[in-house]
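Down below is the structure, laid out as structure tokens.
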């Protein structure tokens, strides 16, 4: 299912000698959000060929993890998608817990959901800020977004000691309980967050420049999205109702009442992807309200030794990360180290359709399309 | 027996094998593409994860009962192999996973590319090619993805040893230095 490039006849224009312009966009281009390169061929301003180039941040995370005990690679998972260390931790813990069969205490389950949804807020708010930044509104919208992110990072710091590299999850629970008064502060943040969303939506969602730059740009059909393994908000923007929090109901997600926003799949353009994230933040706030109201007292971690030898088995654990399906595939061989450790990176696989979405568009639109996919190079290159 | 189970796959294609310990279907490489197309048509619309697993040649100790009825331990050598693992889900029916494996030898490892069936295999099969050295028949764009083009070897193989200085490249400096050490050049 490769969409054909539109037929350009400019080259054959009589008496006009033209040639395609090759641009190597990146790896230091600010719009690539890291060290990512696109080899682009341009006909005037129109993209006629695009090849993504990866690997500038590759450190073979999988090989590193195969040479240490299960628990030792937990802090390394923070560095995959460095905006969302909490959800990375959870996906890895979920996969490893299938190997050792440990019961997670009730309070830890609730705190896991709270941390994951706060992470989703951090991710989406950052993405929207950067997305508007890519559109050319330099600074202000991003600063509004970062102001809110900062409040959540403060909560993370109080709970785990680190703002971004949290390393907070353990097999069978969490590393430590949250400090006194933390839940109250979290409730306050959650209560105030909708006001920020109202303001942000009022500023952005009907802005004429945003509408004209994003609507009808980077369309992605439902069929291609499913076939190309696109997951997360990007899939739902193309009209597929598939959210692992509902499908797998891992953890205790089946206890909360929330909706999964998805479009009718007519366009699946950049505006849809932007809007889905705005709507998802509202649902995350709903989950947070319920979780913070119901959280019980109790233990924070089940009984697990730090070094363990699981029985030979294969397991695949996946969660709905803020960027898509984050999966960990582990093969245990009866020793203290995983025989095979594999990360299924949503950022990388969502880039499969980058070429299809950019071909035939303007080069300025390629920047927005890349921004709307939501990638983090720590996870793309691993 | 629902259509989305490994039993229906094994019934349709008797040449595929069920590996109970791994919970996976071992596909024969020769007609992996045909089976994949059948799977896509029967509802497995989403291929989530593609990866490789490298197994070195190993000596396995096994307890068997011999003709005289006594238990004895024998050692047999298991040949090295590479498995290419696929995790399939169904988005339409919200079920899964179905785990497929293509099994190939370590020397001249070759598997059938499933990218023409599921586009999501594209970058991931390139990664398996890059890091495990498995050639995919019919992959539309098989190049290294994470390592640079000139890189030699496949780092995720279990017997891979990194060179002493993998960034070393011949420079005039090295040549002059060597000549100098032989006493040919006086600085």
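The values are calculated or read from the model by the stated rules, or taken from the named source; none is laboratory data. Just so it is clear, the model here is predicted, and its values are computed rather than measured. Positions of Cβ are backbone-derived with ideal geometry, glycine not excepted, and every protein chain shown enters the neighbour counts.
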**Study point:** Leading residue by the ranking (surrounded by the most Cβ atoms within 10 Å (Cβ to Cβ)) among those in the stretch A:54-78 that are facing chain B (nearest Cβ under 9 Å) and outside any loop (DSSP other than H, G, I, E, B)
**Key:** A:62
Review point. So which of A:108, A:116, A:95 is more than 30 Å from residue A:366 (Cα to Cα) and either modelled with pLDDT under 90 or within 14 Å of chain B (Cβ to nearest Cβ) (or both)?
Key: A:95
Exercise for review: Filter the stretch A:337-360 for residues that are farther than 19 Å from residue A:52 by Cβ and buried (at least 22 other Cβ atoms within 10 Å of the Cβ) and give the result.
Suggested key: A:338, A:340, A:341, A:342
Exercise for review: Determine which single condition residue A:305 fails, assuming it passes every other condition in (1) over 30 Å from residue B:119 (Cα atoms); (2) in contact with a helix residue (DSSP H, G or I) (Cβ under 7 Å, 6 or more places away or on another chain); (3) modelled with pLDDT under 90.
Suggested key: (2)
Study note, to complete from the structure: Counted residues in the stretch A:166-181 being more than 21 Å from the chain's Cα centre (by Cα), in contact (Cβ under 8 Å) with a residue 40 or more places away in the chain and not in a strand (DSSP E or B) come to 6
Practice item. Within the stretch B:90-137, work out how many residues are surrounded by fewer than 19 Cβ atoms within 10 Å (Cβ to Cβ), within 11 Å of chain A (Cβ to nearest Cβ) and over 20 Å from residue B:35 (Cα atoms). Key: 1
Study note, to complete from the structure: Per the list (1) in a helix (DSSP H, G or I); (2) within 30 Å of residue A:135 (Cβ to Cβ); (3) away from every other protein chain (no Cβ under 14 Å), residue check on residue A:236 breaks on (3)
Review point. Looking only at the stretch A:247-258, which residues are over 14 Å from residue A:117 (Cα atoms) and more than 8 Å from chain B (Cβ to nearest Cβ)?
Key: A:248, A:249, A:254, A:255
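Say whether the condition of being modelled with pLDDT of 75 or more, more than 14 Å from chain B (Cβ to nearest Cβ), over 18 Å from residue A:355 (Cα atoms) and outside any strand (DSSP E or B) is met by at least one residue in the stretch A:7-23. So that I can check it myself, show each step before the final result.
Of the stretch A:7-23, the ones modelled with pLDDT of 75 or more are A:19-23.
Keeping just the survivors that are more than 14 Å from chain B (Cβ to nearest Cβ) gives A:19-23.
Restricting the remaining residues to those that are over 18 Å from residue A:355 (Cα atoms) gives A:19.
Then drop every residue that is not outside any strand (DSSP E or B), which leaves A:19.
Yes, because at least one residue in the stretch A:7-23 is modelled with pLDDT of 75 or more, more than 14 Å from chain B (Cβ to nearest Cβ), over 18 Å from residue A:355 (Cα atoms) and outside any strand (DSSP E or B).
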Exercise for review: Being closer than 20 Å to residue A:217 by Cα and touching a residue at least 60 places away in the same chain (Cβ under 8 Å) is the filter here, so list the residues in the stretch A:254-276 that pass it.
Suggested key: A:270, A:271, A:273, A:274, A:275
Exercise for review: Give the residues of the stretch A:180-225 that are closer than 20 Å to residue A:375 by Cβ and within 14 Å of chain B (Cβ to nearest Cβ), sorted by residue number.
Suggested key: A:220, A:224, A:225
Check your understanding: Looking at (1) within 10 Å of another protein chain (Cβ to nearest Cβ); (2) crowded, with 19+ Cβ neighbours inside 10 Å; (3) more than 23 Å from residue B:40 (Cα to Cα); (4) at pLDDT below 90, which is the only condition residue B:160 fails?
Key -> (2)
Exercise for review: Given the conditions (1) under 27 Å from residue B:110 (Cβ atoms); (2) more than 14 Å from chain A (Cβ to nearest Cβ); (3) surrounded by fewer than 16 Cβ atoms within 10 Å (Cβ to Cβ); (4) touching a residue at least 40 places away in the same chain (Cβ under 8 Å), report the number of the one that residue B:23 does not fulfil.
Suggested key: (2)
